[in-house]
1. Out of the residues in segment 52-67 meeting the condition of being over 17 Å from F18 (Cα atoms) and either modelled with pLDDT under 85 or not assigned by TED's automatic domain parsing to the domain that holds T25 (or both), tell me which one is surrounded by the fewest Cβ atoms within 10 Å (Cβ to Cβ).
2. Could you tell me whether segment 75-90 includes any residue that is of a type in the set (A, V, I, L, M), surrounded by 12 or more Cβ atoms within 10 Å (Cβ to Cβ) and over 30 Å from S102 (Cα atoms)?
3. Mind telling me which of the residues L17, L13, L72 ends up being under 30 Å from Q98 (Cβ atoms), surrounded by 12 or more Cβ atoms within 10 Å (Cβ to Cβ) and aliphatic (A, V, I, L, M)?
4. Of everything in segment 41-56, what is assigned to a helix (DSSP H, G or I) and either free of Cβ contacts under 8 Å to residues at least 12 places away in the same chain or in contact with a Ser or Thr (Cβ under 7 Å, 6 or more places away or on another chain) (or both)? Give them in sequence order.
5. For the structure I just gave you, tell me whether A84 is without any contact (Cβ under 8 Å) to a residue 12 or more places away in the chain, assigned to a helix (DSSP H, G or I), more than 26 Å from S7 (Cα to Cα) and not β-branched (V, I, T).
6. Condition (residue is within 23 Å of L37 (Cβ to Cβ) and assigned to a loop (DSSP other than H, G, I, E, B)) applied to segment 90-97: is it met by at least one residue?
7. Just one of the numbered conditions (1) at pLDDT 85 or above; (2) surrounded by 10 or more Cβ atoms within 10 Å (Cβ to Cβ); (3) not acidic (D, E) is not true of L93; which one?
Amino acid sequence: MLQAARSKFQADLFAKLFAGRMFVTLVLAEPDLGTALLIAATIPVLHFAAGVPVRYHLLAAIATSPVAIYMLFFVNFRAGRLKAYLDPFAYQLKEGYQTVQSLIAVGSGGVWDSG
């Protein structure tokens with residue numbers, strides 16, 4: 001009896017994780033990493049609130065980590081944005097323009113503005 005309940009639980013969990021992974025994959029095809037990460041982070045929170053054991057979440061995180069690392073560091077435009085975020089003044093005429101301008105604005109005006 002207990003084995004049958006466990007088997008049904010695992011089958012249901014696999015189906016739900018597959019559906020969530022399908023949504024994340026479709027959003028990544030756009031390509032929109034922020035929304036995909038938000039969906040991917042919401043799924044384990046909902047499962048945790050529903051009582052799914054933490055070990056399943058850890059296994060899923062370990063399994064999906066290489067994909068997230070690839071999407072962040074090896075996709076050219078995302079890697080460029082990450083480099084511009086880490087050192088905006090090295091990319092101040094392209095990717096880091098907005099960040100540099102906001103730093104200049106806050107630096108010259110302070111929190112309450114100078115004008």
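The values are calculated or read from the model by the stated rules, or taken from the named source; none is laboratory data. What you see is a predicted model; the values in this text were computed from it and never measured. With ideal geometry, Cβ positions are generated from the backbone for all residues, glycine too; neighbour counts draw on all protein chains shown.
1. My answer is R55.
2. No: zero hits.
3. When all the criteria are applied, what remains is L72.
4. At the first step, the residues of segment 41-56 found to be assigned to a helix (DSSP H, G or I) are 41-50, 54-56.
Within segment 41-56, A41, T42, V45, L46, F48, A49, A50, V54, R55 meet the criteria.
5. No: the conditions fail for A84.
6. Yes - at least one qualifying residue is present in segment 90-97.
7. (2)
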